[in-house]
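The values are calculated or read from the model by the stated rules, or taken from the named source; none is laboratory data. Keep in mind the model is a prediction, meaning the values are calculated, not measured. FYI the Cβ positions are ideal-geometry reconstructions off the backbone, even for glycines, and counts take in every protein chain you see.
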Amino acid sequence: MSSFVIRRLGFAIVTLFAVLTLVFFIVRILPGDPAMVILGDQASMEAIDALRARLGLDRPLIVQYSDFMVGVLSGDWGTSLVSGRPVIAEILKVLPATIELTLVSLLLGALIGIPLGIWSAVKRNRLPDYFTRLSSLIGLSFPAFVSAILLLLVFAIQLRWFPVISSGQGTNLVDRLRDLALPAINLGLIMAAYITRVARSSMLEVLSQDYVRTARAKGIIFSQIIWRHCLLNSMIPVVTVVGLYLGILIGNSVLTEIVFNRPGLGKLIVGALNQRDYTMLQGMMVIYTLIVVVVNLLTDLTYGLIDPRVKYK
Amino acid sequence: MNSPEQTPTQVYWRTTLKAIWSGLLTAFNSNKTSWVGLVLFLLVCIAAILAPLLAPHDPLEQSILYRLKPPTAEYLMGTDYYGRDTLSRLIWGARISLTIGLLAIGVAMIIGSLIGLVAGYFGGKTDIIIMQTMDVLLAFPSLILGLIVVAMLGPSITNLVIAISFTAIPPFARIARAPTMAIKEREFIEAGRALGYSDLRLMLGHILPNILPEILVMGSLWLATAIRVEASLAFIGLGVSPPTPTWGGMIREGFENILDSFWLALFPSIAILIVVFSLNLLGDGLRDAIDPKLRDEQ
Amino acid sequence: MKDIEETQRQPVLCVRDLTTAFRVGGVWKTVVDRISFEIGEKETLAVVGESGSGKSVTALSIMRLVSAINGRVQGYITLEGRSLLDLAEEEMLTVRGGSIGMIFQEPMTSLNPLLTVGFQVTEALRRHREMSHAEANKEALRLFDLVRIPDAPKRFSEFPHTFSGGMRQRVMIAISLACRPKLLIADEPTTALDVTIQAQILELIRDLQSEIGMSVMFITHDMGVVAEIADRVVVMKSGQQVEQALVSDLFDKPQHPYTRQLLSAVPKLGSLRGIGLPQKFPSVEKTIKKSNPQTISTEEAEKLDHRGETILEVSGLTTRFPVRGGIFNRVVGNIHAVEDVSFSLRSGETLALVGESGCGKSTTGRSILRLVEPNAGSIKLGGTDLMDLTQLELRQVRQQLQMIFQDPYGSLNPRKTIGASIREPIIVHGIAQGFDADKQVAQLLTQVGLKPEHATRFPHEFSGGQRQRICIARSLALKPTILVADESVSALDVSIKAQVINLMLDLQAEMGLSYLFISHDIAVVERISHRVAVMYLGQIVEIGPRSAVIENPKHPYTQQLMNAVPVPDPRQRRVRTGLMTEEINSPVRPLDFTTKILPMIEIGANHFVRKWE
């Protein structure tokens, strides 16, 4: 088991380096001199050169690269061009809010999606199945901001059950939950739609396997077959999808944060883009990379936990 | 065996096309919902094509008198902040969304499938390198990715197509690679190598036709996503620049006025919902049809 | 064998007019049509048929594992007097696994990969015999010993993927025996296993049957297995019961024409004793072409020996595959698939390569065509060493050396018409174009017994046997001199197998083709080969004329192999000993391993045996 973990860890580190390198080059190689883009067409050559020097863009590429890598690893991610504060501080200020939202939405999605998917598979082609399939399909069809706006309209504006603007920084638990509720429901339902579908198709596949036939031939009660034989086996694709869609979730959180006016990574990056905060952008890409690599690693490790065959690959 | 006017190649193509056509019909017929999806989507496409004829007003024409008016007989879906007719903007907006979506997915389908085909066929180091790159891109939130690309390049239709296809290439690579690897092990490929066929011939002539169904299903499902992403980008402010009407942009403007003129956000939302839903129905129905495991078996 | 008074006791299982239908696409299709039979105490009933005969569905119907929604089971099924079809589902749950145990064909997928093997056995025990965990564990270990799984305490908590196919089947047997069932239903349990492993499992079932006193319903398509274990036999065809008899009566005096056809298509090891040359299968119902008289006397047989000069000489062929593992995916060992293999092949000759899983026979075939790259050795085809050629030059030579594969379903591109598939090699190699190519395709189709009009059809419109013939036609398109047949008939039904073998023999006589016939089915090999080579762990351990190797094997492995083959003659049931739990060794070796290659000794005319320790 430990060699498996070490292998995966090593892999993750290598991937991290590779993607960070990619990030470095993307930011520099894209068309348009960053300094010009930041200052606009009307700026003078001196202003542009000054900015380039300040950003360190006039030094040889290798030096820039090593500075960048060292900086990333030591926690110095540069300074925001807009606020003047260290990028990493800005990011860390809003990171907890995004993580909070993501995790709660994920939990909500799994709690709804997995049982619904399994139920739908067991009652295949009967009414519960059709209903579930239809509603998950509808759920998938909503862009996150559309559903967010709808939720806002109905529950916050019309019914006034939840605040219209949530700051995410309430002091007591109830306030925080009320702030979190609508955004989390928004993302959670979308997540539930994805998870339902994958849980359903995965369970259907597991139910058609030979070992389920063996269990039935052993005379095991059906509910026990589902619980002992099918559940864990069908979770493998679900884990894959959750890992994959975590990315979508983080993306959708951007939209949700805008609609509900919640602080988070999403608003930060949109702000950075609009204001051409070059160093902030770079830092954002680093944090997203980190998140992705960590999620991939966790997904892989989870496979190792569930499936004994994986360690031997 | 052959009539003198037809060469063997022509007979071959006729038979193959007939088989494809009947295959499609069977697929559609086995899952009736896919017909619904197809019809809905085609209706929207027709509406978009016929925009100049269907739209009652000029989508760009502003009117100071009729600003932020709720739905009336003349302005069936109300007007926006600048007095422009929502319905007309909606119909013209369909053009943008559909064009960007179709182009982006078309490009992504071709490039992504080829990448997946090559990775799956050659395996080994090529495969590992390609797929690791794809996996990382895949896990990257596609909206963020699209966001960054558009921000760097600037919002125009071309750039939006580039950005969205960029986010769609990894899934196509993935969806092409898995069946490629499975088919590569099948004996007709090995037979082909024994018969002296080149790798290119095997990849394009033998493997590709066999993975086409999966790719096309993915295409329709990702078209739905592409339209969603385009709308999302427009909502954030990175869509095609105003005053060109886009659904996402309309929702953004509607959001700014949400408290008093909610219809501005409502109608484009419904429009997006219908298009994305119909494509999902279509793709889903097709996928159920081609996946033997999900068919009605017990 | 049963005597009459014992069968008059109450039967354990009584089936009357069992009819099962499935709803496919809205239409009800009868798959089992009024089957009736009885199984007495301690009796073994074999249910025999080819694919589509409905034998598996019969078993599933008895167990009521047929879908309630799309399936319909009618008739009478009683187990010790108790009607099974009238039971409620909860009661049926106690019957399944409790009174009736069932084992299936695919040991590799029949066990849950995420649960330990021990758990899967104790689950049955706790379900039916209400044992505590401790009691169940103890009993499970006892069962492991009973089915002769070595090292039971250690293997108890391991996962199925660490077990071989034969071992997994033993676990399945342990599970099904956990509750001392009255009846064991075995659905093709040994079909997916190697022949020596099959012999072990059959003997195990027989021993357990007498120890526990249970009845067995054994489903199979292999008449040799039937002769080995059955007391009585039911023959099924297309869902209907065609004949039912005591096993000796069935083999001696088959009544129904289908039974007779089936028996004549079954190769019987030893039937060609004394005849040196390959022989076609007699009186197969649908012959493909006009054929020569079937049985020939030895002198006439000699005259028909059309073999010519040596055209292929393989020497010192070695192919190894790296095994990766460890933290950095380094190469930690090698699979020594083919080790120093040498043989020759004459024109018009069939050399058979036989052996069990992992012996390297398939890899040898692929290595000769360089579909996998050998590490060492020479392959001389008419003077040119194939190992010296570049990929481009190889493509030319590929025309002379072609291959037919095992899976008739996977060997053809499902999206190409069969005419296009056959025409493709002709066009790719520039042999002909346009109408000429088309004419050649028509010719080839006729040659394998199909009609030229079929060229516009797709592979799924043909049966397995027809597809295999299409593959043969395709490989003949390049006018090869040597055809490597890698288990080409193994996936076909018994009667179809015979037809295809006859076709291959006809083609050999017409065109002077040579065959390298790779197979694990020794009875089939006996009919088609001039010479036989036996492989074990990548090496040829014995090679010589077919009659010498099969009738007079000298190497202990060859002897073991020949001994394990079930013979379709109940009188020749052998009492086996000493094969109990030997696994087939795996050819995986550490990095620095050098194989000890012992020399070959000539012990007869052209008959060589490798020295053994």
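Tabulated values for the structure
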quantity: Of all residues making up the stretch C:497-545, the number that are part of a helix (DSSP H, G or I) and of a type in the set (V, I, T); calculated: 6
quantity: Single residue of the stretch A:65-121 satisfying the filter (small (G, A, S), part of a helix (DSSP H, G or I) and more than 30 Å from A:V206 (Cα to Cα)) that is nearest to the chain's Cα centre (by Cα); calculated: A:A97
quantity: When residues of the stretch C:446-461 are limited to those that are in a loop (DSSP other than H, G, I, E, B) and within 10 Å of chain B (Cβ to nearest Cβ), the one surrounded by the fewest Cβ atoms within 10 Å (Cβ to Cβ); calculated: C:K451
quantity: Only listed residue being under 23 Å from C:L371 (Cβ atoms) and charged (D, E, K, R), chosen from C:E487, C:E542, C:E526; calculated: C:E487
quantity: Failed criterion for A:G219 (all others in (1) at positive phi; (2) modelled with pLDDT under 85 hold); calculated: (2)
quantity: Residues within the stretch C:462-479 that are of a type outside the set (G, A, S), within 13 Å of chain B (Cβ to nearest Cβ) and out of contact with any Lys or Arg (no Cβ under 8 Å at 6 or more places or on another chain), tallied; calculated: 8
quantity: Some residue of the stretch C:414-430 being under 26 Å from the mean Cα position of the chain (by Cα), at pLDDT 90 or above and outside any helix (DSSP H, G or I); calculated: no
quantity: Matching residues, the stretch A:279-313, being within 11 Å of chain B (Cβ to nearest Cβ) and under 17 Å from A:V72 (Cβ atoms); calculated: A:L281, A:Q282, A:M284, A:M285, A:I287, A:Y288, A:T289, A:I291, A:V292, A:V293, A:V294
quantity: Every residue from the stretch B:67-109 that is in a helix (DSSP H, G or I) and in contact with a strand residue (DSSP E or B) (Cβ under 9 Å, 6 or more places away or on another chain); calculated: B:T86
quantity: Checking C:I470 against (1) surrounded by fewer than 20 Cβ atoms within 10 Å (Cβ to Cβ); (2) touching a Leu at 6+ places or on another chain (Cβ under 7 Å), the condition it does not meet; calculated: (1)
quantity: Subset of the stretch C:379-423 (residues that are charged (D, E, K, R) and buried (at least 16 other Cβ atoms within 10 Å of the Cβ)); calculated: C:K380, C:R395, C:R398, C:D407, C:R415, C:K416, C:R423
quantity: Qualifying residues in the stretch C:166-193 (those that are of a type outside the set (A, V, I, L, M, F, W, C) and surrounded by fewer than 19 Cβ atoms within 10 Å (Cβ to Cβ)) - the one nearest to A:R309 (Cα to Cα); calculated: C:T191
quantity: Filter pass, B:L76 being within 14 Å of B:P268 (Cα to Cα), hydrophobic (A, V, I, L, M, F, W, C), surrounded by fewer than 21 Cβ atoms within 10 Å (Cβ to Cβ) and touching a residue at least 12 places away in the same chain (Cβ under 8 Å); calculated: yes
quantity: Selection within the stretch C:70-119 - under 29 Å from C:G26 (Cα atoms), assigned to a loop (DSSP other than H, G, I, E, B) and out of contact with any strand residue (DSSP E or B) (no Cβ under 8 Å at 6 or more places or on another chain); calculated: C:D86, C:L87, C:A88
quantity: Members of the stretch C:202-230 that are surrounded by fewer than 21 Cβ atoms within 10 Å (Cβ to Cβ) and in contact with a Gly (Cβ under 9 Å, 6 or more places away or on another chain); calculated: C:H221
quantity: Complete set of residues in the stretch C:581-599 that are in contact with a Phe, Trp or Tyr (Cβ under 9 Å, 6 or more places away or on another chain) and either free of Cβ contacts under 8 Å to residues at least 12 places away in the same chain or exposed (fewer than 12 other Cβ atoms within 10 Å of the Cβ) (or both); calculated: C:N585
quantity: Residue within the stretch A:194-212 that is surrounded by fewer than 16 Cβ atoms within 10 Å (Cβ to Cβ), outside any helix (DSSP H, G or I) and within 14 Å of another protein chain (Cβ to nearest Cβ) present; calculated: yes
quantity: Helices (runs of 4 or more DSSP H) wholly inside the stretch C:120-233 that include at least 1 residues being farther than 30 Å from A:I221 by Cβ; calculated: C:152-155, C:165-177, C:195-208, C:223-229
quantity: Contacts under 6 angstrom Cβ, first residue in the stretch A:5-20 being in contact (Cβ under 8 Å) with a residue 60 or more places away in the chain, partner among the acidic types (D, E) and in a helix (DSSP H, G or I), 6 or more apart; calculated: A:R8/A:D300
quantity: Residue in the stretch B:134-146 that is more than 11 Å from chain A (Cβ to nearest Cβ) and among the aliphatic types (A, V, I, L, M) present; calculated: yes
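Condition check ((1) touching a Ser or Thr at 6+ places or on another chain (Cβ under 9 Å); (2) at pLDDT 85 or above) across all residues:
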residue: C:E89; (1), (2): no, yes
residue: C:T94; (1), (2): no, yes
residue: C:G98; (1), (2): no, yes
residue: C:N112; (1), (2): yes, yes
residue: C:R126; (1), (2): yes, yes
residue: C:E130; (1), (2): no, no
